[in-house]
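The values are calculated or read from the model by the stated rules, or taken from the named source; none is laboratory data. The shown structure was predicted, so the numbers you read here are calculated from the model rather than taken from an experiment. Don't worry about glycine lacking a Cβ; one is built from the backbone with ideal geometry, like all the others, and counts go over all protein chains shown. To get the accessible areas, we keep the full protein, side chains included, count just its heavy atoms, and leave off ligands, DNA and RNA. Shrake-Rupley method; radii C 1.70, N 1.55, O 1.52, S 1.80 Å.
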Amino acid sequence: MHNVSLRNNVKVSGLNNAPTLMLAHGFGCDQNMWRFMLAELEKHYQVILFDYVGSGNSLLAEYSQNRYSTLEGYAQDIIEIIDELQLKDVTIIGHSVSSIIASIASLDVPQIIKKIIMICPSPCFLNIPPDYQGGFERQDLEELIDLMDKNYIGWANYLAPLVIGSSQSQELIGELSGSFCSTDPIVAKTFAKATFFSDHRDILNDMKCEVLILQSSSDALADVKVGEYMHKNIVNSQLVVIDAEGHCLHMTNYLDITPIVLRFLESH
């Protein structure tokens, strides 16, 4: 059995004995996507980077389709990293689905996870009438999953500009598409189902940690109304809408959000 740090390709950087930040990547990505913000964060904090099992340079041999068929399995990765590194007073910066994964983890270890910074989160991507508009009908998402089986590269090339924003550079669009393609298809499909068909709206009212929600003003995956819904239902939350296109503010608008992140951390 490999240790957790090796399994999840954990890397520790920044200041020793400083408050701890864990950076949790989103679906189809890996820890490399945090590189734009990393240098500034390392000046002030101890930074923990990792890849979920099945992503990036994690140990694929440790992957369990059963464990990772729900977001709770990914939350367990976070908890096991915290446990192995004996971390305390942790802030997690989560991109997209990792905002919810971090939220699940925070309910299991509320004494350790004290703050969460959410980048373009959504507790549920499905429309649940009459009161909730996640943005997608179930049939649309099922067709997207089916495309993974029929044409995996075509699926990646379709999804990448939708996620990061079609106006972003071809370099970033290509990087994201390449990241999707490099993920094992079974891992990607299992993570996609866990991401797009889950509904974790019920945990928002239970969250007690401090939360900063950063939402893009134009995001094909998570509308501003989704951020407003989360802000309304998480008691200790702030919502900041960034004038931007796309779902990956930590890559496309890191110069805008890094000062906001640092102010939030320093003021609480």
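Some points to look at:
- Filtering the stretch 153-181 to residues that are of a type in the set (Ser, Thr, Tyr) and within 18 Å of the chain's Cα centre (by Cα) leaves Ser177, Ser179.
- Restricting attention to the stretch 123-134, the residues being open to solvent by less than 10 Å² (accessible area, probe 1.4 Å) and either part of a loop (DSSP other than H, G, I, E, B) or aromatic (Phe, Trp, Tyr) (or both) number 4.
- Ser167, sole failed condition from (1) open to solvent by less than 10 Å² (accessible area, probe 1.4 Å); (2) touching a strand residue (DSSP E or B) at 6+ places or on another chain (Cβ under 7 Å): (1)
- The one condition from (1) touching a Leu at 6+ places or on another chain (Cβ under 6 Å); (2) farther than 23 Å from Asp89 by Cα; (3) β-branched (Val, Ile, Thr) that Val53 does not meet is (1).
- Residue within the stretch 197-208 that is modelled with pLDDT under 90, of a type in the set (Phe, Trp, Tyr) and either assigned to a strand (DSSP E or B) or within 28 Å of Thr91 (Cα to Cα) (or both) present: no
- Among the residues making up the stretch 198-214, those that are touching a residue at least 12 places away in the same chain (Cβ under 8 Å) and either open to solvent by 50 Å² or more (accessible area, probe 1.4 Å) or touching a Pro at 6+ places or on another chain (Cβ under 8 Å) (or both) are Asp199, His200, Arg201, Ile203, Leu204, Asn205, Asp206, Lys208, Cys209, Glu210, Ile213.
- Test result for Val12, in contact (Cβ under 8 Å) with a residue 12 or more places away in the chain, β-branched (Val, Ile, Thr) and more than 22 Å from Ile100 (Cα to Cα): yes
- You will find that of Glu266, Glu175, Glu228, the residue that is farther than 18 Å from Ser96 by Cβ and of a type in the set (Asp, Glu) is Glu266 and no other.
- Take the conditions (1) open to solvent by 10 Å² or more (accessible area, probe 1.4 Å); (2) free of Cβ contacts under 8 Å to residues at least 24 places away in the same chain; (3) part of a helix (DSSP H, G or I); Ile153 misses just one of them, which is (2).
- Any hit, the stretch 3-17, residues being at pLDDT 95 or above, among the charged types (D, E, K, R), farther than 22 Å from Glu175 by Cα and assigned to a helix (DSSP H, G or I): yes
- Scanning the stretch 218-268 for residues that are in contact with a Ser or Thr (Cβ under 8 Å, 6 or more places away or on another chain), part of a strand (DSSP E or B), open to solvent by 60 Å² or more (accessible area, probe 1.4 Å) and not aliphatic (A, V, I, L, M) gives a single hit, Asp243.
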